[in-house]
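Novice: This is the structure I want to talk about, given as structure tokens.
The values are calculated or read from the model by the stated rules, or taken from the named source; none is laboratory data. What you see is a predicted model, and the numbers here were worked out from it, not measured in a lab. Cβ: placed from backbone, ideal geometry, glycine included. Neighbour counts: every protein chain shown.
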Amino acid sequence: MCNVDFPNKLMRLNVNLKISHKGFILVLVPLVFELVFLIILSVLLQKAEEEVQRQVRSKAIISQANALSKLFYDAGVAMGGYSITKSPLFSDRYDKIVRQIPMDLTELSNLVGDNDKQQQILVRLKTITSDGLKILGEAKSAIDDNRVDVAQFRARHMYKQIRQLADQLQDELKGLTEDERKIENESPEQQNRSRTMVKVFLVVGVVVNIAIAFLLLYYFLKSISIRLNTVTDNSFRLARGQRLNPPLTGADEIAQLDDAFRSMAEALAEASRKERAVIENAADVICSIDMDGKFVAINPASYESWGYYPDELMGRRFIEVIVQEDVPETIRSVRSVRGATGKVSFENRVKKRDNSLVHVLWSADWSEKDRALFCVAHDITQRKLAEETLRASEERIRKIIDHMIVGLLIIDKEGRVESVNPRSESMFAMRSHEMVGRHIMSLFADSRIFSVNDPSDRAAFMETLFTKANSRIGEFDCLNARGEDFPVELSLAEFEYGDGKVRYMANILDVSERREVERMKKEFVSTVSHELRTPLTSIRGSLTLLAVGAMGALPEQVKKVVSIAERNTIRLIGLINDILDIEKLEAGKLDMVFENSPLTNILERSEQAVSAFAANNGVTLDIQPTNLMVHADGDRLVQVIVNLVSNAVKFSPKGAAVTVASEEIPGGMIEIRVIDRGRGIPESFKNRLFQRFQQVEASDAKKKGGTGLGLAICKGIVEQHGGSIGVESEEGRGSMFWFRVPKAQVIVAPVSAQPATDAGMVTMSLHQ
């Protein structure tokens, strides 16, 4: 019963093992057998080798024993010959033998090894040879000393003693070689038995190993092959849509593969269901068309898109729903699909059931296996309407550009003109094809001085333009085809074309008329200012004399009128002076002298200038002391501070204080602050506070006085110093006006024999 159940247990174990483990066993079992086989074989070979070595040692011991016996006899013979002849030949031979005998004994000892019996014999051999050599040595000494009586006595007894020792030596050597001769005689037979055993074991081992390997291979391959055939059959069943075989048992890779295959089959079935659901619920029309051009399958989207139910279209030719004008092109497109390697797209119009038209984008793919055309029809009506709207919009934009009074040039990153509008053609007196491809630098008057063909000049010009892109660059002089100069205002905007490359749009405005107007305005202002200031100064002097009674006492009513006239005259003179300062600032003709000055001196001068005005308005001045130094035009800074403090005083309530403070800030700048407790400035007015003729309220000019130019002048002066100006204010709580100017510069004394004069003073001209 146990033997019957064993194969089943083995099979269950086999199906539970992984293929890698099966392969491991398939290799390991024969390998273990071969290893055991090799170990036993090596043992047998070692024994055979030991037998051979034993025979060789025995022969060597016998040979060495015989050589020792012969040497002993040769020593006696040599001594006998020497005692008779006293020939050196016998003496030398004797000496040679005496030296050789110990060496042979040592060699014999090495051959014997640890054999106790032979070692005992060897000890006796050493004693015998030692005694014999001693006798022979005494005889030789007597002969060498010419002791005749002793020599004769020794000669008579020597032969007898030597003969006895030789007999003993022979007996001992016989005992030593007796066992070795026995081994020598038995060894060939023993060696033959060992060799036969090795051959038999080798053949049996190889046969058994091959049998085991084939049995294991057959067993494992049979179990794997059957299960793989099951998996292969399942793949065919899946392709035919048939039911799969029962699942394989076990935990090996084949069982896992079968399980994964079943999961894949379920996933494919689920994907097929989802695909069908997607097709059934898709917004686009999905259909297949046979070789005759008839619908063989179509999804429900046909009703929403075209107004036809799928049953109404099945079996109909698809060109029946195509607008007649689009049929020829559609047929050519469909025919091209069969020769294409991928999807082919084409557009046409479909006539709906209600005779309205739908723009459709078809994506078609030909299946040679099904001999059918698979199509997806996407409604692009809205896209077509958008494209039409876009074209109309582009046309309107084009018309606007064509009628603009500003010249527009599209240039690339190298500065080459790519397109122009009609205004640009009229400005430069060139047609568009004459301007396209030219470098923009050639359109400016500077091209007369700098060469457009010089890479360095061209690069410098383009760097000037591109560094100020997306902003107003400034005014330039351009050159038309007739060689005439005309002023323009240039601005540059960066944008990206549809091709992903950066382009620049240059807006060129002809400012010839504006320049002429500005020139006339400046001439008018300059003329009026100079023509009015002299008589007004004279009138002010006359009114002052009248007011103080220099022309005699005036009635009170007349005094009041004269006082009003004097104030208005002073206001007009201040207005003219402010206008002149503004014009000088804009023209860059306001000369300034920059020097290192103590800020405290500037603050003291400012306080002296405005203290009386503050006292008349009931306002206290708080000028905080400082030891800071500034690099500035002192007179112009006094003008700025007096203006700011005067404004603060005018808008401060009686009893309030106006504070002037200063401190050094990072960046090498000095910040001066003028703080009041007045009504504050509305948030909406802060952005235009420093513009010309701007006041918080229109009535301020009449109530408080002023021209509306003071803050604009302050801004211009501060910016000429390389500084900035601003305000922080909260309505009902007061304001803080601040401005920043450079701190004093460190002056390095020049290495010269002549003394430096005005070392701290630098004169800068703002005229450009």
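Novice: For the subset of the range 396-407 comprising residues that are outside any loop (DSSP other than H, G, I, E, B) and in contact with a helix residue (DSSP H, G or I) (Cβ under 6 Å, 6 or more places away or on another chain), which member is surrounded by the most Cβ atoms within 10 Å (Cβ to Cβ)?
Specialist: Per the stated criteria, the residue is G407.
Novice: Any residue at all in the range 410-426 that is buried (at least 17 other Cβ atoms within 10 Å of the Cβ), outside any strand (DSSP E or B) and at positive phi?
Specialist: yes
Novice: Could you give me the residue pairs with C-beta distances under 8 Å whose first residue belongs to the range 272-296 and is in the same structural domain as G315 (by TED's automatic domain parsing), whose second residue is assigned to a helix (DSSP H, G or I) and modelled with pLDDT under 85 wherever it lies, and which are 6+ apart or on separate chains?
Specialist: Close Cβ pairs satisfying both conditions: I286/I279.
Novice: Report yes if S393 is under 20 Å from E475 (Cα atoms), without any contact (Cβ under 8 Å) to a residue 60 or more places away in the chain and part of a helix (DSSP H, G or I), otherwise no.
Specialist: no
Okay, residues lined up against (1) acidic (D, E); (2) outside the structural domain of K59 (by TED's automatic domain parsing); (3) at pLDDT 80 or above; (4) under 17 Å from K140 (Cβ atoms):
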| residue | (1), (2), (3), (4) |
| --- | --- |
| F72 | no, no, no, yes |
| I84 | no, no, no, yes |
| I97 | no, no, yes, yes |
| E107 | yes, no, no, no |
| V123 | no, no, no, no |
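Novice: Test A550 against the stated conditions and say whether it is among the hydrophobic types (A, V, I, L, M, F, W, C) and modelled with pLDDT under 75.
Specialist: Criteria met by A550.
Novice: Filter the range 318-366 down to the residues that are polar (S, T, N, Q) and touching a Ser or Thr at 6+ places or on another chain (Cβ under 8 Å), then identify the one that is surrounded by the most Cβ atoms within 10 Å (Cβ to Cβ).
Specialist: Once the filter is applied, the top-ranked residue is N348.
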